[in-house]
Amino acid sequence: MRSLLAPLILALALAVLCCCEEDSKAPSGPPSADSIKIKREVANAFMRRQKRSSMYEWYFEYYKSPMEQMRERCENYLPCGVLSEQIGFPMAYNRYFGRY
């Protein structure tokens, strides 16, 4: 056991020295804004904008259906949300908010 411990400590010490050695090329302070900026062409290579194919998709992205609005209303009210997990959304919503 002791014969393995000495080479292990030596290897760890060398690894620490190699990893913690200061690079003379790297700046010591925080990076400037100029070094962070990239060209628009390069940025577009990995950031693509999602295109909408129809007005139908635009509409449903901004406006929720009445059923979705009711579900969110029930989820936001804790007793209704808990009851909807037990007996289902329609019956829980009817109990707390009336008929839908």
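The values are calculated or read from the model by the stated rules, or taken from the named source; none is laboratory data. Since we're looking at a predicted model, the values are computed, not measured. Heads up: the accessible areas ignore ligands, DNA and RNA and are worked out on the full protein's heavy atoms, side chains in. Shrake-Rupley method; radii C 1.70, N 1.55, O 1.52, S 1.80 Å.
Order the following by accessible area, largest value first: F97, F60, F89. Probe radius 1.4 Å; ligands, DNA and RNA are ignored. Write down the numbers at each step before the final one.
Values: F97 60, F60 105, F89 20 Å².
My answer, sorted largest first, is F60, F97, F89.
In square angstrom, rounded to the nearest 10, how much accessible surface does R73 have for a 1.4 Å probe?
Probe radius 1.4 Å; accessible area of R73 about 120 Å².
Could you put M70, M91, M55 in order of accessible surface area, largest first, with the 1.4 Å probe and the full protein assembly present? Walk me through the intermediate numbers first.
On the way: M70 35, M91 110, M55 145 Å².
Sorted by accessible area, descending: M55, M91, M70.
What's the extension gain from R95 to L4 if we count 0.36 nm per residue and subtract their Cα-Cα distance? Intermediate values should be presented prior to the final figure.
On the way: separation 91, 0.36 × 91 = 32.76 nm, distance 7.08 nm.
Going from the current span to full extension adds 25.7 nm.
If you roll a 1.4 Å probe over the heavy atoms of the protein chains, what accessible area per residue do you get for segment 50-92, in Å²? Can you show the working numbers first?
Working: 3680 Å² over 43 residues.
Accessible area per residue, segment 50-92: 86 Å².
What full-extension length gain, to one decimal in nm, is calculated for I36 and K64 as 0.36 nm per residue of separation minus the Cα-Cα distance?
Values: separation 28, 0.36 × 28 = 10.08 nm, distance 3.92 nm.
Roughly 6.2 nm would be gained on extension.
L12 to N76: extension gain in nm, 0.36 nm per residue of separation minus the Cα-Cα distance? Walk me through the numbers before you get to the answer.
On the way: separation 64, 0.36 × 64 = 23.04 nm, distance 5.40 nm.
Full extension of this stretch gives 17.6 nm more.
Which order do L17, L83 take when ranked by solvent-accessible area (1.4 Å probe, heavy atoms of all protein chains), largest first?
On the way: L17 120, L83 25 Å².
The residues order as L17, L83, largest area first.
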